[in-house]
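Throughout, read-outs are computed from the coordinates displayed, never taken from laboratory work. Here the structure is a predicted model, which means the values were calculated and not measured. As a convention, Cβ positions derive from the backbone with ideal geometry for all residues, glycine included, and neighbour counts pool all protein chains shown.
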Amino acid sequence: MAGKIRARFAPSPTGQIHVGNARTALFNWLFVRRQKGIFVLRIEDTDLERSEARYETQLLNDLKWLGLDWDEGPDIDGPYRPYRQTDRMDVYRTTALRLVEEQKAYYCFCTAEELERERKRAVAEHTPQIYSGKCRKLDPDDAKHRVAAGEAAAIRLKIPEHPIKFHDLVHGPVEFANEVVSDLIIVRSSGVPVYNYVVVVDDAAMKITHVIRGDDHLSNTPKQVALYEALGLPVPEFAHLSTILGPDRERLSKRHGATSIANFRDMGVLPEALMNYLALLGWAPSGGTRETFTPQELIKEFSLERVTPSPAVFDMEKLYWLNRHYIKQSQPSRIHNLARPFFEAKGLLPANMDSRVENWFTRVVDLLAPYVDQFDQLPDRAGIIFDYSAGTAISHRDNAEVFASEKTRPVIQAFANLAANESPLTAEKFKTIMDEVKAETGAKGKDLFHPVRVVLIGSHSGPAFEKLIPLLEEGSTLDLPVHVKSVRERIAEFMTALE
RNA sequence: GGCGCUAUCGUCUAGGGGUUAGGACGUGAGAUUCUCAAUCUUAAAACCCGGGUUCGAUUCCCGGUAGCGCUACCA
């Protein structure tokens, strides 16, 4: 019986993980979980200048937040440890030496200037830019002696004399003419191995059966396949995922705004919404009509054969739609807990919330959550409660149309007369008052409610009064960092401002 | 310059030799709710171009074009 399939996600800890990489991680995870295989997390930190330990921790946390887990990795170890490339330098060195010994690789003494000259000539002659193979012809023993004598040398792999073929689960069979593939450097003259080499050594050592990664690696794959051959190891299956683009059809980057997982988390996007959205970028279920999936459903449906090879533009609006969907689906208590930090950050909540404030706050969130795309919009939305100003209510241009109506003044006057001394105003009482205002003025529908809304919250649109009014009244009696004005206060302020 | 990948509504996509080319986001309209949002209904909206193969190509093949990637002693 064949062994379990093994796939890996191998990020570099050089910054915050962005959606492109997260999508790669997700597809790896979905594939592995679907196949009941092993998911390996490996840290590619051979770029010593840019790698930082703190990014590694963040990376793991971001991945966990998204809802991914792994079976082997730097934080949990595993049978093919270590899972951090800087801890594997010995393997790379001994393997490279072995390849030289077996004459599958050779020392290269060419200088940067020589190589640069070759490159320029290739461009001028319209030929592929590949290494001339000058040092390939050197006598291996001579070369070894020169190295022993202290001469600087890189190690290059010999690319075979036949076309390099491999299979890609997304793109199908791929073939490169060997004339186009250069004898690549696998170890720099400084002794530091290069990415294309270590990735193969590691994938082979970790018995990776499926390499699922971004398609920016597609052109590197023939080099890597040659490496597997030189190593005498089986070539894995590949799956190259398309690039994620920004609205301008350029590769998505920080320039396009929020692109890291942490950004989305901090904006108040739910992990299941992000996961769902990312899954739909470049993949669709058979039938293609379903849009919302739980992680378990994604695992059940996912297959690499259904992954689209073409690049995809990241669409915030659709992410927001999914996020709204999942906000509505969530347990209220979860929403309350997620929403709280956003209010605290704006200084709207006391450091210690007693049960009354707590209860009131949860109702505020329940009232407003259906109105937002992301949680960081919540405090703004809550302006109708925390941030009332009669002056702006009157001057705001969105309300100009309301004031332009001749029915507005009588309604405001009638409402103020009836409600000004109600304290607190109950939802029931409000209803009777509105009935009276209606009878008195003859206004109904928008003519009736828009003016009242402007008086009470400064805007002609907003949540239902029957829920909103009790919240205003109760809020005004709570000990909060920012005083919530009661209905009575609002009416008084408004009528004064109106004069 | 060389090589590679890609090409269906604005966007994500389904589909596939003969279809009214399907769904979703977004947009417009209508219904509903005191308003807005939500919800429901509905409308507009696409097969890059040119050759071939074929009775018939959006679908298969070739070419072009465009976009992207690789072409490093970066990852």
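What to note about this one:
- Global size of the stretch A:184-237: 11.0, 32 Å for Rg and Dmax (C-alpha atoms, Rg to one decimal, Dmax whole).
- Residues with amide H under 5 Å from that of residue A:245, placed H, sequence gap 5 or more: A:252, A:312, A:313, A:314
- Counting every C-alpha pair in the stretch A:99-212, the share spaced more than 22 angstrom apart comes to 43%.
- For the pair the stretch A:428-499 / the stretch A:116-157, the C-alpha centres are spaced 81 Å from each other.
- Toward the positive end of the charge dipole of chain A, with +1 on the Cβ of Lys and Arg and -1 on the Cβ of Asp and Glu, the farthest Cα among A:227, A:410, A:257 is that of A:227.
- Chain A - mean residue ellipticity at 222 nm from DSSP helices (-39,500 (n - 2.57) per run, n ≥ 4, rounded to 500): -14000 deg cm²/dmol
- Extension gain (nm, one decimal) between residue A:71 and residue A:249, 0.36 nm per residue minus Cα-Cα: 60.5 nm
- Once both labels are positioned 7 Å from their Cα atoms along Cα-to-Cβ, the gap between residue A:395 and residue A:381 label points is 2.8 nm.
- Applied to the stretch A:323-335, the Karplus parametrisation 6.51 cos²θ - 1.76 cosθ + 1.60 on θ = phi - 60° returns per-residue 3J(HN,Hα) values of 5, 4, 4, 6, 4, 5, 7, 6, 4, x, 4, 5, 4 Hz, with x for Gly and Pro.
- At R0 = 25 Å, FRET efficiency that the Cβ-Cβ distance of residue A:446 and residue A:499 yields, to 0.05: 0.50
- In order along the stretch A:60-70, phi translates into HN-Hα couplings of 5, 5, 5, 5, 5, 4, 5, x, 8, 9, 9 Hz, rounded to whole numbers, per the Karplus curve 6.51 cos²θ - 1.76 cosθ + 1.60 with θ = phi - 60° and x for Gly and Pro.
- Hydrodynamic radius of chain A per Kirkwood, over alpha carbon pairs, in Å: 27.5 Å
- Chain A, relative contact order in percent, only Cα pairs under 8 angstrom and at least six apart counted: 12 percent
- Note on residue A:435 and residue A:321: with the Förster distance fixed at 41 Å, the Cβ-Cβ geometry gives a FRET efficiency of about 0.60.
- The calculated FRET efficiency for the pair residue A:113 and residue A:358, based on their C-beta separation and a Förster distance of 41 Å, comes to about 0.05.
- Taking the average, over residues, of other Cβ atoms within 10 Å as the packing measure, peptides A:47-56, A:278-287 rank A:278-287, A:47-56 from highest down.
- Charge dipole (Cα centre; +1 on Lys/Arg Cβ, -1 on Asp/Glu Cβ; no other charges) of chain A amounts to roughly 660 debye.
- Annotation: peptides A:132-141, A:80-89, ranked by per-residue average of other Cβ atoms within 10 Å with the highest first, follow the order A:80-89, A:132-141.
- If the Kirkwood radius is taken over C-alpha pairs of the stretch A:357-418, then at 20 °C and 1.002 mPa s the Stokes-Einstein diffusion coefficient equals 152 µm²/s.
- Euclidean distance between Cα centres, the stretch A:259-274 to the stretch A:1-52, Å: 19 Å
- Applying the Karplus relation 6.51 cos²θ - 1.76 cosθ + 1.60 with θ = phi - 60° to the stretch A:265-273 yields 3J(HN,Hα) values of 4, 5, 7, x, 9, 6, x, 5, 6 Hz, where x marks Gly and Pro.
- Each peptide in A:145-156, A:219-230 was scored by the mean count of other Cβ atoms within 10 Å over its residues; highest first, the order is A:219-230, A:145-156.
- Charge dipole (chain A, unit charges on Cβ, about Cα centre) - positive-most of A:478, A:169, A:492: A:169
- Divide the volume of the convex hull around the Cα atoms of the stretch A:420-499 by the residue count and you get 101 Å³ per residue.
- Annotation: amide H of residue A:105 within the under-5 Å range of A:100, A:158, sequence separation 5 or more or interchain, hydrogens built in the peptide plane.
- Spacing of the two label points (7 Å from each Cα toward its C-beta) at residue A:263 and residue A:284, in nm: 2.6 nm
- For the stretch A:120-160, the Kirkwood estimate of hydrodynamic radius, built from reciprocal distances between every pair of different alpha carbons, is 12.2 Å.
- Cross-link reach list, aspartates and glutamates versus residue A:429, counting only Cα pairs under 12 Å and skipping chain neighbours closer than eight places: A:466
- Paramagnetic reach from residue A:216 (point 7 Å along Cα→Cβ, amide N under 13 Å) across the stretch A:46-61: none
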